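This report concerns only the one structure given below.
The values are calculated or read from the model by the stated rules, or taken from the named source; none is laboratory data. Since the structure is predicted, the reported quantities are computational estimates derived from the model, not experimental observations. All Cβ positions, even for glycine, are placed from backbone atoms using ideal geometry, and neighbour counts span all protein chains on display. Accessible surface is based on the protein model in full, side chains and every heavy atom, while ligands, DNA and RNA are left aside. Shrake-Rupley method; radii C 1.70, N 1.55, O 1.52, S 1.80 Å.
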Amino acid sequence: MTVLDTPENLTASMETTTSTAGDGVSDSSSDTDLSLRRRRSSTNSAGPVAELSSKIDKLESDVDGKMTMDPGPVAESGTLKSNGKDSGQDKDKVEKRGASDVKFTYRPSVPAHRVLRESPLSSDNIFKQSHAGLFNLCVVVLVAVNSRLIIENLMKYGWLIKTGFWFSSRSLRDWPLLMSCLTLPVFSLAAYLVEKLAYRKYISESIVVFFHVLITSAAVICPVSVILSCESAVLSGVTLMLFACIEWLKLVSYAHTNHDMRAVANSIDKGDALSSTLSADYCRDVSFKSLVYFMVAPTLCYQPIYPRTACVRKGCVVRQFVKLIIFTGFMGFIIEQYINPIVQNSQHPLKGDLLNAIERVLKLSVPNLYVWLCMFYCFFHLWLNILAELLCFGDREFYKDWWNARTVDEYWRMWNMPVHKWMVRHVYFPCLRHNVPKGIALIIAFFVSAVFHELCIAVPCHMFKLWAFIGIMFQIPLVVITSYLQDKLRSPMVGNMIFWIMFCILGQPMCVLLYYHDLMNRKGSTESI
């Protein structure tokens, strides 16, 4: 049977085949005609339409919809293959097929609109699109604008960074703080000895609790006394207080966890609890190695065994360390070149002119926000990941997407995961287990956080104005307000905007100005910190 070019010829051929079938034409010819009729029918219904439609979709970068067009060339090629023509004729047909597809694809009668579509920026479709290009544009504009501001600042004020910014002769006078920092592991060793005696049942549980209270209290009181007795740099005092607070949190977790593991083990021995309550991987003995690993690991919650990675990726560590140096230098540049001049040319926000105070706070908010974001990136992402990589620490969820927080409560649960997990494990849930209402438990958690924020700032500044404490406790009504607005308005934007405005635009710059002027008034000088 010859290749058919038109539907009319195909119809005539079908009629001829039907009439000759009864006259004794061979079964093979009849089967061939039947196969062709079936192939032609299926081709008309779906084959060429789907094939050419997919080609059109590729050419137009559009994957939706189908169109109807003349399937002649495709059917022709399919008939060639079904009839088994010689390879030379097949090759010629295949070579001509591409040109035919283009010919039929670009015909004016081909529908250009096939399905229902929304505009990419419409309200129903905006969150289904990728906005990576707009994000890149924002980054480019941000870099361009800030580069111009940096150049303008350098042309107007010159280079303001002092030669002794990183290290000066004054730093040598802070050696008592350095010695106090180096003696902090002594408290960890004392806690280990207490737990070892408790494991061997040489001392009672009440004595264990007493010793742990004494040790954890000394871990904070000793550094505080050293800082208050020495006239040291504020940065040195803040560093020592951060290490002391971290030591306190880790020791509390170490004591609390071991106490609970002993209680569970005793319940299992008495038959009051199932053995599955205590993980089989956890050894009831006290391990010095596990304590050492915990004290240097990027976590505040103690457990004998942590998820571990297989190896240390040295290239990753080097890249993260280079980024850490770059962003730390950028923070120092912003502090010296922008923040210090702004606060030095300001008045006390609670004693001077109101409009001037608002102007200073708003002007300080942008560089302060940059420093705060860089601090977050340097510590929570770069430094903690470097530490985790070197120690093969597996759980590296040090933060969540706090920038999308719909309420202030969500922000505090996502931006600092090590502290959040510690608060939930050792403050919030223990309060609930002792039948403390959830609201009171939340207030207690914020109170503990406020105390340590005040210690880390007030002690190095040698003054207790309670600005940091008040700022943290003020988060409680903000939690209630943003949660109420979220439930009332059903809009994630409201709480997120309140968080950015109250915490980053107003709260932090206000605290910086308050502490700066109170510190300068205490010193009786206007020199820079």
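Values as computed for the structure displayed
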item: Qualifying residues in the stretch 471-488 (those that are part of a helix (DSSP H, G or I) and open to solvent by 90 Å² or more (accessible area, probe 1.4 Å)) - the one farthest from Ser232 (Cα to Cα); result: Lys488
item: Scope the stretch 431-451; condition open to solvent by 60 Å² or more (accessible area, probe 1.4 Å) and either in a helix (DSSP H, G or I) or touching a Ser or Thr at 6+ places or on another chain (Cβ under 9 Å) (or both); matching residues; result: Arg433, Lys438, Ile440, Ile443, Ile444, Phe447
item: Residues of the stretch 328-357 classified as β-branched (Val, Ile, Thr) and open to solvent by less than 30 Å² (accessible area, probe 1.4 Å), total; result: 4
item: Hits in the stretch 181-196 (condition: open to solvent by less than 70 Å² (accessible area, probe 1.4 Å) and either part of a helix (DSSP H, G or I) or at positive phi (or both)); result: Cys181, Phe187, Ser188, Ala190, Ala191, Tyr192, Val194, Glu195, Lys196
item: Every pair of residues 6+ apart whose Cβ atoms lie under 8 Å, when the first sits in the stretch 208-222 and is within 12 Å of Phe187 (Cα to Cα) while the second is open to solvent by less than 20 Å² (accessible area, probe 1.4 Å) and outside any helix (DSSP H, G or I); result: Ala219/Leu184
item: Selected residue (only one of Met510, Met497 is assigned to a helix (DSSP H, G or I) and open to solvent by 80 Å² or more (accessible area, probe 1.4 Å)); result: Met497
item: Subset of the stretch 452-468 [more than 27 Å from Pro298 (Cβ to Cβ) and open to solvent by 50 Å² or more (accessible area, probe 1.4 Å)]; result: Phe464, Lys465, Leu466, Trp467
item: Residues located in the stretch 265-297, provided they are in contact with a Phe, Trp or Tyr (Cβ under 8 Å, 6 or more places away or on another chain) and at pLDDT below 55; result: none
item: Test: residue in the stretch 377-399 that is under 20 Å from Pro509 (Cβ atoms), in contact (Cβ under 8 Å) with a residue 12 or more places away in the chain and open to solvent by 20 Å² or more (accessible area, probe 1.4 Å); result: yes
item: Residue match in the stretch 359-371 (condition: assigned by the TED database to the domain that holds Pro185 and open to solvent by less than 30 Å² (accessible area, probe 1.4 Å)); result: no
item: Conditions (1) open to solvent by less than 30 Å² (accessible area, probe 1.4 Å); (2) assigned by the TED database to the domain that holds Leu184: number failed by Val292; result: (1)
item: First in the stretch 170-193 and closer than 13 Å to Ala244 by Cβ, second anywhere and of a type in the set (S, T, N, Q) and at pLDDT below 90, Cβ under 6 Å, 6 or more apart; result: Leu177/Ser232; Leu177/Ser236
item: Residue match in the stretch 407-417 (condition: open to solvent by 20 Å² or more (accessible area, probe 1.4 Å), touching a residue at least 40 places away in the same chain (Cβ under 8 Å), under 26 Å from Ala450 (Cβ atoms) and basic (Lys, Arg)); result: no
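For (1) part of a loop (DSSP other than H, G, I, E, B); (2) modelled with pLDDT of 80 or more; (3) among the charged types (D, E, K, R), each residue gets a yes or a no:
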residue	(1), (2), (3)
Arg97	no, no, yes
Pro111	yes, no, no
Ser123	yes, no, no
Phe135	no, no, no
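One line per residue, one yes/no per condition, for (1) in a helix (DSSP H, G or I); (2) at pLDDT 80 or above; (3) touching a Gly at 6+ places or on another chain (Cβ under 7 Å):
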position	(1), (2), (3)
Pro341	yes, yes, no
Gly352	no, no, no
Ala357	yes, no, no
Leu362	yes, yes, no
Val366	yes, yes, no
Leu369	yes, yes, no
Phe376	yes, yes, no
